[in-house]
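Some notes on the structure that comes next.
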Amino acid sequence: MADDTEPDDDELAVEHAERIAELRSESDAGEGNPLEPTDLDIAHREGVRERGDGRYVVSTNGEASGTPPATDLPDGVARDAESGDDERDHAGALERSDDAYGIVLSAKTDAGVGTTVVTSNNIVETVEEALRWYAGQVDDSLPPEDVLELLLRQSDLDVEP
């Protein structure tokens, strides 16, 4: 008959010590040095853009253009139109968000249709991210600032930089 009693603290301590020793020997057998704290700091790496408040946009292609993809927006919910979500889902995402401001955007370009939901407690940040996303949809080969400048220059809006 098996012993159904739980191990006492001493037995658990021995098990944990053995497991830690095992893990250390496994890591010592591996190549390379342990990580330094500076290795974990992503703020100055290529393809990373800080958004503030300890939040970052990390590009998977190595270029942090400042335009997060449709499914990677800070503080909020993002959904891609190709996933089959309809307008009610996006409106629901806005309703469920605890953030004060939100925008649902869809853009149709030569590359297809993209949809995103941007939410934030900062109205300027919300509009900025929406504009950056749209600029990235229109032309992902230029920085968003350049795309927006070209669009505004060609529009009838009287906006002073």
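Of V138, V124, V117, V104, all but one fail to be among the hydrophobic types (A, V, I, L, M, F, W, C) and buried (at least 19 other Cβ atoms within 10 Å of the Cβ); the exception is V117.
Among A135, A130, A93, which is the only one that is in a helix (DSSP H, G or I) and in contact (Cβ under 8 Å) with a residue 60 or more places away in the chain?
Matching residue, one of A135, A130, A93: A135.
Picking from residues in segment 73-101 that are over 25 Å from D139 (Cβ atoms) and small (G, A, S), the one that is modelled with the highest pLDDT is A100. Looking at the structure I just gave you, is V147 within 17 Å of L94 (Cα to Cα) and among the hydrophobic types (A, V, I, L, M, F, W, C)? In short, no.
Quick one: is S97 touching an Asp or Glu at 6+ places or on another chain (Cβ under 7 Å) and crowded, with 18+ Cβ neighbours inside 10 Å? First the steps, then the outcome.
Details: touching an Asp or Glu at 6+ places or on another chain (Cβ under 7 Å): no; crowded, with 18+ Cβ neighbours inside 10 Å: yes.
When the stated conditions are applied, S97 does not pass them.
Of the residues making up segment 109-127, those that are modelled with pLDDT of 90 or more and more than 19 Å from A93 (Cβ to Cβ) number 1.
The values are calculated or read from the model by the stated rules, or taken from the named source; none is laboratory data. Worth saying up front: this structure is predicted, and the values here are computed from it rather than measured. FYI the Cβ positions are ideal-geometry reconstructions off the backbone, even for glycines, and counts take in every protein chain you see.
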